[in-house]
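One structure is given below, encoded as structure tokens.
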Amino acid sequence: MNLIVAVDKNWAIGNGNRLLTSIPNDMKNFRRTTLGKVVVMGRKTLESFPNGLPLDQRVNIVLTSKQNYQVKGAIVVHSLKELEEELQKYQSGDIFVIGGESIYRQLLPKCEMAYVTKIDYAFQADTWMPDLDALSQWQLIETGEEQTYSNLEYYFLKYSQCKEGQ
């Protein structure tokens, strides 16, 4: 399983149930990376999408504790156990965790790769992703060239989780 996220320099991911910023090239990268794949998210992340609708051309799986929650075009699960059972139907490399904060925290230990857009700016935020640079089991394995959008500098980074014994 993988995760994909855009973070600021403090690993913040959102504010008021919205992304910190919208960088067109980052959005294209997200789409290119997840198209035809499985995306796993929490209810609030789904509800933050335009019209609260699932992403096209992807299998959308929503993890929520709200028992009666349903959304057309998405698979809704209510526990990590239920999620694990559902994910067994797919290749691990085709699964991308896309947020929000509690979903990243719960599923991070199960992820093998992390695709991170790191923005060199500190935004006002109320949600954060765990800082992979501070976690010994995560290793930065790829750094893309510096990119600029408006006055924001950002990088596409790739991290790998080192399993014990590696």
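Observations, loosely collected:
- Screening ALA12 on (1) open to solvent by less than 30 Å² (accessible area, probe 1.4 Å); (2) within 17 Å of VAL62 (Cα to Cα); (3) of a type in the set (Gly, Ala, Ser) shows it passes everything except condition (2).
- Within segment 98-146, the only residue that satisfies the criterion of being among the hydrophobic types (A, V, I, L, M, F, W, C), assigned to a helix (DSSP H, G or I) and either open to solvent by 80 Å² or more (accessible area, probe 1.4 Å) or without any contact (Cβ under 8 Å) to a residue 24 or more places away in the chain (or both) is ALA134.
- Any chance LYS66 is more than 13 Å from the chain's Cα centre (by Cα), of a type outside the set (Ser, Thr, Tyr) and under 23 Å from ILE119 (Cα atoms): no
- Condition met for SER65 (surrounded by fewer than 20 Cβ atoms within 10 Å (Cβ to Cβ), under 30 Å from GLN88 (Cβ atoms) and polar (S, T, N, Q)): yes
- Considered as a group, the residues in segment 147-166 that are aromatic (Phe, Trp, Tyr) and either out of contact with any Pro (no Cβ under 9 Å at 6 or more places or on another chain) or free of Cβ contacts under 8 Å to residues at least 12 places away in the same chain (or both) include one that is most open to solvent (accessible area, probe 1.4 Å), and that residue is TYR155.
- Odd one out for PHE49, checked against (1) in contact (Cβ under 8 Å) with a residue 12 or more places away in the chain; (2) open to solvent by less than 40 Å² (accessible area, probe 1.4 Å): (1)
- Picking from residues in segment 82-92 that are assigned to a helix (DSSP H, G or I) and touching a strand residue (DSSP E or B) at 6+ places or on another chain (Cβ under 7 Å), the one that is surrounded by the fewest Cβ atoms within 10 Å (Cβ to Cβ) is GLU86.
- VAL38 vs. criteria open to solvent by less than 30 Å² (accessible area, probe 1.4 Å) and among the β-branched types (Val, Ile, Thr): yes
- Among (1) of a type in the set (A, V, I, L, M); (2) touching a helix residue (DSSP H, G or I) at 6+ places or on another chain (Cβ under 9 Å); (3) more than 14 Å from PHE96 (Cα to Cα), the one test that VAL62 misses: (3)
- Failed condition for ARG31, given (1) open to solvent by 50 Å² or more (accessible area, probe 1.4 Å); (2) in contact with a Lys or Arg (Cβ under 9 Å, 6 or more places away or on another chain); (3) under 26 Å from TRP138 (Cα atoms): (2)
- Within segment 74-81, at least one residue is in contact with a Pro (Cβ under 8 Å, 6 or more places away or on another chain), open to solvent by less than 70 Å² (accessible area, probe 1.4 Å) and more than 23 Å from ASP8 (Cβ to Cβ).
- For GLN70, the criteria (1) at pLDDT 95 or above; (2) outside any helix (DSSP H, G or I); (3) open to solvent by 70 Å² or more (accessible area, probe 1.4 Å) hold in every case but one, which is (1).
The values are calculated or read from the model by the stated rules, or taken from the named source; none is laboratory data. Since we're looking at a predicted model, the values are computed, not measured. Note that each Cβ is placed from the backbone with ideal geometry, even for glycine, and that neighbours are counted across all protein chains shown. These area figures cover heavy atoms from the full protein model, side chains too; ligands, DNA and RNA do not enter into them. Shrake-Rupley method; radii C 1.70, N 1.55, O 1.52, S 1.80 Å.
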